[in-house]
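The structure appears right after this line, and notes come after that.
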Amino acid sequence: MRKSFWDYFYELKQKCPYDCVGIYLGLQPGLVVQSPDLARKVIVDSDCFPDRFTYSGSNGDPIGSLNLFASKGKLRKYLQQVYSPIFTTVRLKKLTQLMTVNGKDLTDKIQRDFVDNKKRVNLKELMAMYVSDTLAFSVFGIKLSVLKGEDSPLWHITKHITKCDFSRGFEIIVNFLHPESCKTFAVSSKNAQITLKLKDNMSENLMLAQTGTFIMASAETSSVALTYCLFELAYHQEEQEILYNEIEEALRKSGKDILEYNDFLELKYLTAVINETLRKSVPLQHLDRVPVRDYQLTDNITIEKGIPVLINVLALHHDERYFPEPNEWRPERFLTSSEYDNLHYSFIPFGEGHRACIGKRYGMLQLKIALSQIVHKFKIEPVMPYKLKSDPYSIVLAPIDGASVKFVPR
Ligand code: HEM
């Protein structure tokens, strides 16, 4: 916990620039995979690697054990059926209208707090508010908006989840890297569910766990992705103007003052801005899997049953062979590929295969709506040094102190 997961995985590739490298998680040996080809092998073999290493026990923690992220076996099959129709194109079209309302609340708050009242912007907190409101409104049907200053019950939960402190950091680290110890330390996801009351009823627990999954899986990742997109745009004025012109042109063509689902499909530069940010500053720096039997990875490496395999996504995204000068932020890299191309497994910010992110389309839409509205109304300018330090208590990438920019009305 002296350094973030993100920095750990980044430095591991620098120190050990091999296709795979052995590490210890406490006393537990594990294998870190760092090449697209080996990552693909592990990800596509759903028979041998059906599950994550992440905690999925059931020590009185229904939210932790019954959710899609951690579920296994029959429960997983059932949940997959439940989830599969959740983000269809028809649904996403409806959600676009709802999220557009949240986007307007976001730009109103920016104008009110940071332009008129000149408060300091905490980007991560602001973006977490937007993500919380979109979830509340689009997924749970709650119309109270924290962006409008209302007392949103979902914000109490999201705020808690996105807050990085020592005890939360400790719980998460135990949960992700040494799941068996959860029993010893009585770690559970209850910490994240401060306003929801558990009842001794299986179906209610199942429902509650899915609710928890939505909040936990989307709150951190989406707010961090938005934070880094805006931060990069502040330091790349030329790229920001290209993006502004693309949005302006799309609005002019549509003849309306808001963009709809189909309009977003045409905004190639916006998608490239998001993809390049998810490449350089990928929120979830590693994926984890565990084999259910011995697995022959290469001619001379066999992974024994039960040994955790961690895929170093950051190493793939920063591999000079696929992304020259990887620390440079260049949306142009993604202008010729399609939105969902994994570029031969060198670009997997949402994971891949049978355990890939189910919220990818929803998440991308959420990001596009916020970015298009902000960039259309405000010029984003830098106010602090470009290099951000990552928070050691966060499982996903998170800037210490939230990062800041200046919003100037256009
Ligand atoms: C920018 C936003 C997001 C990013 C970068 C992201 C990233 C990821 C990644 C890397 C995984 C692990 C994939 C794997 O192991 O192969 C994952 C899993 C998951 N994500 Fe997301 N996610 C995002 C938004 C969302 C949203 C908005 C939701 C829900 C509405 C969501 C729900 C889930 C769920 C349920 C899983 C577990 C899937 C399974 O195990 O079957 N995510 N996400």
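The values are calculated or read from the model by the stated rules, or taken from the named source; none is laboratory data. Computed from a prediction, not measured in an experiment: that's the story for all the values here. Here Cβ is always computed from backbone atoms with ideal geometry, including for glycine, and neighbour counts include all displayed protein chains. Remember, those area values only see protein heavy atoms, side chains included, never the ligands or the DNA or RNA. Shrake-Rupley method; radii C 1.70, N 1.55, O 1.52, S 1.80 Å.
Could you tell me whether segment 74-173 comes out rounded, prolate or oblate from its Cα gyration tensor? Rule is a ≥ b ≥ c as square roots of the eigenvalues, rounded for a/c under 1.5, then prolate if a/b exceeds b/c, otherwise oblate. Oblate. Sum -39500 (n - 2.57) across every DSSP H segment of at least 4 residues in the chain, then divide by the residue count to get the 222 nm mean residue ellipticity, nearest 500. Mean residue ellipticity at 222 nm (helix-derived): -14500 deg cm²/dmol. The modelled label-to-label distance between Glu248 and His344, using points 7 Å beyond Cα along the C-beta direction, is 3.9 nm.
The phi-based Karplus calculation (6.51 cos²θ - 1.76 cosθ + 1.60; θ = phi - 60°) puts the 3J(HN,Hα) values of segment 88-95 at 6, 4, 4, 5, 5, 4, 5, 5 Hz, whole numbers, x for Gly and Pro. Once the Cα atoms are used to define both axes, helix 237-254 deviates from the longest principal axis of the chain by about 70 degrees. Across the options Phe407, Ile161, Phe53, the greatest Cα extent toward the positive end of the charge dipole of the chain (unit charges at beta carbon of Lys, Arg, Asp, Glu) belongs to Ile161. Surface composition of the chain: carbon plus sulfur atoms hold 55% of the accessible area, using a 1.4 angstrom probe and ignoring ligands, DNA and RNA. With Cα atoms defining each centre, segment 294-337 and segment 1-66 are spaced 12 Å apart in the structure.
A 1.4 Å probe run over the protein chains yields, for the chain, 45 Å² of accessible area per residue, whole-number rounding.
Counted by Cβ distance under 11 Å from Lys280, the other residues give a net charge of -1, where Lys and Arg count +1 and Asp and Glu count -1. Taking 0.36 nm per residue of separation and subtracting the Cα-Cα distance, full extension of the segment from Arg293 to Lys163 would add 43.0 nm. Once the Cα atoms are used to define both axes, helix 360-377 deviates from the longest principal axis of the chain by about 30 degrees.
Antiparallel beta bridges, as assigned by DSSP with both residues in the chain, represent about 85 percent of the total such bridges. Straight-line cross-link reach from Lys268 at under 16 Å between alpha-carbon atoms covers these lysines, not counting any fewer than eight positions away in the same chain: Lys253, Lys368.
Computing Rg and the Kirkwood Rh from the Cα coordinates of the chain gives a ratio, Rg/Rh, of 0.95.
Taking amide H atoms as placed 1.01 Å from N in the peptide plane, the amide H of Glu150 lies under 5 Å from those of Ser145, each 5 or more residues away in sequence or on another chain. For segment 5-409, the dipole from Cβ point charges (+1 on Lys and Arg, -1 on Asp and Glu) about the Cα centre works out to 1020 debye, to the nearest 20.
Given R0 = 35 Å, the distance between the Cβ atoms of Gln80 and Lys143 translates into a calculated FRET efficiency of 0.70. Its alpha carbons considered, segment 215-345 gives a radius of gyration followed by a Dmax of 18.7, 61 Å. Extending 7 Å from Cα along the Cβ direction at Glu325 and again at Gln14 yields two label points whose distance is 1.9 nm. Just how many % of Cα pairs in segment 332-410 lie over 19 Å apart, if you round to the nearest whole percent? Percent of Cα pairs beyond 19 Å in segment 332-410: 61. With the simple model of a label 7 Å out from the Cα in the direction of the Cβ, Gln97 to Asp401 spans 4.4 nm.
Computed extension length for Ser46-Thr302: 90.5 nm, one decimal, from 0.36 nm per residue of separation with the Cα-Cα distance subtracted. When the C-alpha to C-alpha distance is required to be over 28 Å, none of the pairs from Lys360/Lys389; Lys104/Lys159; Lys143/Lys360 qualifies. Full extension of the chain between Glu332 and Val115 gives 75.0 nm of extra length, using 0.36 nm per residue less the Cα-Cα distance. For segment 256-410, the fraction of alpha-carbon pairs lying more than 21 Å apart is 57 percent, rounded to a whole number.
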